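Notes follow the structure.
What follows draws every value from the coordinates through simple rules; no lab data is involved. These numbers were taken from a predicted model, which means no experiment stands behind them. Virtual Cβ from ideal backbone geometry, glycine too; neighbours counted across all protein chains shown.
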Amino acid sequence: MNRYVFRLLSMSRGKKRVLQVAVDLLLLPMMFILAMWLKLDGFGFLRDPQIWLVLIPVLPVTIFAFVRLGFYRAVLRYIAGRALITILVGSMISAVTMTVVVQMADLPVPGAVPLIYMLLTFLSIGGVRFGFRELVNYAQNRRKERVAIYGAGAAGRQLLQVLHQRSDYVPVVFIDDSPQAQGTHVGGLMVYSPLQIESLIRNNGINVVLLAIPSASKSRRNEILKSLESHPLLIQTVPGLDDIMTGKASIDQINDISIEDLLGRDPVPPQRELLGANITGKVVMVTGAGGSIGSELCRQILRLKPKRLVLYEISELALYTIEQELTTMQAVLRANVALSPVLGCIKSARLVDRTLRHFEVETVYHAAAYKHVPLVEHNIAEGVRNIVFGTATLAEAAIAAGVKSFILISSDKSVRPTNIMGASKRLAELVCQSLADAPRNPGTTISMVRFGNVLGSSGSVIPLFRRQIEAGGPITVTHPKITRFFMTIPEAAQLVIQAGAMAQGGEVFVLDMGDPVLITELAAKMARLHGLKPIIFTDPVAEKPGKGEIGIVFTKLRPGEKLHEELLIGNDPKPTSHPRIMSATECRQPLDELSAALMQLALACDCNDVERIRKIMIDQQTAYQPTSEIFDQFWTGEDELDVTAEKARDQRRLTLVRG
């Protein structure tokens, strides 16, 4: 049957209209015969040739009336209720014509027949049209995803109207938490309780759930998602209320549920006096401005209306992208903020100094750093140069240029590190702490903010898992028991700004990341959100996923990777005025001792003496304990450190941190 329906739909518009007229020319005599039979209770009238004379004028007049009313211009598959008025008017014209012909020609047709004929014509012509529409919908819906709309409120009703216009989804039921809504009908669909989801999947063939709850809090959305994730469903959502209200998105934009929705927390309202303290009306610079954290800092800083925002970035593409985005934001916000994109590396002392002095920067957020642990393990010297000496160069230049506030974005990997990236971050913290206490630092408040992974950053596992799921799997996890802390990028950036405003000098602020997340369970959750059943494979070569399944494969810990990250070195964090920001009390190192170690470290980096680099890191107060062999791709074990020659050649560069 579907084949014939789609064949009819593929006909030209002209042929479809001819077919409609032919059907009506067949229906009209049939309805007249039926009306006569109902009135006379028999078919004896068929033998009277005068009876048929009435149809000679009625048929062309009726068809002409329908043509003039525009009835045949309607697209049958989209025919709406208002077409019934057109059908009724056409049926009335046909009945009136029949009455006039019967009276004028004195035909043997009972007086009640035209009225019965009118009703039968209305029902038959309308019934054929709407019946065909339902047949088409049925044929098309068999190819569509059957969906349940979670939320029978205003957003759910609007979404229902949107879905009626889409070719890929057919809504079959509503689901709602409200007992008052359950059991009622909304837009022709029954509203069910969430407790009935399993039977709805089984009885209605539902394989997609659309969340239409834009005003729900993140915690409530999390509860709903957790209740749904055990079922084989693809879960999608309409945008949040904030995005709809600000015009960023509309109700008809249906998106996949992101893992951020599942792990994100309800944000704590920001303290306005902290947000604007180091930003509003000031010249602010963000290093790594095109990165995950740096770009979000730029977005939030722009909303706080600084005098100027300096975007410092080594990647041309990333710098161009964030500048274009901020320019668009300015037009929407009607903000008058000067944007100054600077293409450069933080290790370039001359460019850093020139930038800070030329723009008279007052606040620096230092987010530029390498993030991928394995890559830094393979490129140790360059990783140390970027993270340690880049930070030292920038902090020194900030003090010399009279910057008021300097905030280093640190990492949980700096706590008892097992890899060079984490050890370098911890050493960068020590550099900042020492410079904060230095006598030659008259007025630059230096602080650090430490937190774990942010959801969706370039260094996070989530983009990797998402790509693997889209490719059909398998999802690769390094260890069954590995855990990580997670926070959304907007929340992290907002807390960084507030923490920096609290600083008195030398503090390490630690963000409350919540509970650590088991990465294996994270991978399984992401698979379920895509309607897939996660299967753990012990032998990925021999085992293959079935339909609707995706494999999770355990590889091994990468070089320098820890099973569990930490946020605190000590056990006595102090609370601050913000419930999600703590201040850690940690050991510091005198600047003269640290300067000597940095000189030796610079020499070791120049010679790529990786063993020496690791030893210097261990000897400092970093708590660095490497757990793997050296994986640096340039390390041969034969490099020698000629201290005398290096000192003679690079004396100026060796004084990056001056005592």
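Taking amide H atoms as placed 1.01 Å from N in the peptide plane, list the residues 5 or more away in sequence, or in a different chain, whose amide H sits under 5 Å from that of I536.
I552
Using +1 at the C-beta of Lys and Arg and -1 at the C-beta of Asp and Glu, which of G188, F509, P590 has the Cα lying farthest in the positive direction of the dipole of the chain?
The residue sitting farthest along the positive end of the dipole is G188.
With Cβ to Cβ distances under 14 Å as the rule, what net charge do the other residues near I301 carry (K, R +1; D, E -1)?
Summing Lys/Arg as +1 and Asp/Glu as -1 gives +2.
Tally Lys and Arg at +1 and Asp and Glu at -1 over the other residues with C-beta under 11 Å from the C-beta of S230: what net charge comes out?
Net local charge, S230 excluded: +2.
Hey, if you put +1 on the Cβ of every Lys and Arg and -1 on every Asp and Glu Cβ in the chain, which of P573, M448, Q236 ends up farthest toward the positive end of that dipole?
Highest projection toward the positive end goes to Q236.
Given R₀ = 30 Å, FRET efficiency for R13-M92 by Cβ-Cβ distance, to 0.05?
That gives a FRET efficiency of 0.65.
With 5 Å bins from zero, work out the P(r) of segment 411-563 over every alpha carbon pair and list the percent per bin.
With a bin width of 5 Å, the distribution comes to 2, 9, 15, 17, 16, 12, 10, 7, 5, 4, 2, 1, 0, 0.
Among L88, I257, Q50, whose Cα sits farthest toward the positive end of the charge dipole of the chain (+1 at Cβ of Lys/Arg, -1 at Cβ of Asp/Glu, about the Cα centre)?
Sorting the options by dipole projection puts first Q50.
What number comes out for the charge environment of S410, summing +1 per Lys or Arg and -1 per Asp or Glu over other residues with Cβ under 10 Å away?
Overall, the nearby charge balance is +2.
Near the amide H of T576, under 5 Å away, which other amide H atoms are found, from residues 5 or more places off or on another chain, if H is placed in the peptide plane?
Under 5 Å from the amide H of T576: I581, S583.
Taking a cut-off of 19 Å, what percent of all Cα-Cα pairs in segment 487-565 are separated by more than that?
61
In debye, nearest 20: dipole of the chain around its Cα centre with unit charges on the Cβ of K, R (+) and D, E (-)?
2620
Write down the percent of antiparallel bridges among all DSSP beta bridges whose residues are both part of the chain, to the nearest 5.
20
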